[in-house]
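No value in this document is a laboratory result; all are computed from the given coordinates. Everything numeric in this text was worked out from a predicted model, so none of it was measured. Every residue, glycine among them, receives a Cβ derived from its backbone with ideal geometry; neighbour counts consider all protein chains shown.
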Amino acid sequence: MKIRNIKAIGKRPVYDITVNSSNYDEQQYVLENGVISHNTGSYYGADNIWILGRQQDKDDKEIKGYHFIINVEKSRYVKEKSKIPITVSYDGGINKWSGLLDLAVEAGYIVKPKNGWYAKVDKETGELSKNYRASEIDNNSEFWKDVLKTTDFASWIKNKYTMAQGEMMENESTES
């Protein structure tokens with residue numbers, strides 16, 4: 001790591017610290033106390049430390065946007081070591097259904113009946129819906145609203161990521 005330049009702005013110096021990396025996509029960003037810092041490791045006093053990784057979303061040779069993974073290193077609100085996927089495209093911005101397909105498969109709300117195909121599953125009866133391609137599901141608000149409305153998938157997601165809430169120790173009566 002080397003300091004590329006130092007420039008005074010008012011009375012405070014500003015430092016541009018750069019780390020050499022052969023792959024730009026491997027460089028990391030840290031969200032710390034509301035500030036995004038690039039290639040730094042200052043963790044002192046932070047309530048939340050999220051490291052953002054990114055990967056290009058390409059269609060043939062053209063970049064359509066990016067897939068981000070938020071790695072929760074430290075948090076008082078989200079389980080540490082959680083990985084939260086977010087897709088951002090140049091056309092539509094943030095895909096609010098990002099990552100739900102993989103989570104729904106992990107939780108058993110969606111299954112892969114055959115390679116490249118997905119189906120909703122009724123967890124009580126085991127009955128499968130019609131088959132869908134991933135491209136039909138990824139940004140399909142009707143599909144995801146139905147899954148969220150007719151199952152407890154939203155609760156499953158909340159339990160997967162949320163830290164326990166409430167008192168650490170129950171109030172015990174000292175009377176016998």
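For the stretch 74-169, rounded, prolate or oblate, judged on the Cα gyration tensor with a ≥ b ≥ c (square roots of eigenvalues), a/c < 1.5 rounded, else prolate if a/b > b/c? Could you put the intermediate results ahead of the total?
Details: a/c = 2.30, a/b = 1.36, b/c = 1.69.
It comes out oblate by the Cα gyration axes.
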Q: Quickly work out the residue 134-to-residue 90 label distance, labels modelled 7 Å from Cα along the C-beta direction, and quote it in nm with one decimal.
A: 2.2
Q: For each pair in 81/158; 61/114; 74/149; 96/145; 58/130; 114/145, compute the distance between the two Cα atoms and list the pairs where it is over 20 Å.
A: 61/114; 74/149; 58/130; 114/145
Q: Could you pull out every residue, at least 5 positions away or on a different chain, whose amide H is within less than 5 Å of the one on residue 49? Hs are placed 1.01 Å off N in the peptide plane, and Pro or chain starts have none.
A: 73, 74, 75
Q | Spin-label model distance (nm) - residue 149 vs residue 163, 7 Å beyond Cα toward Cβ | A | 3.5
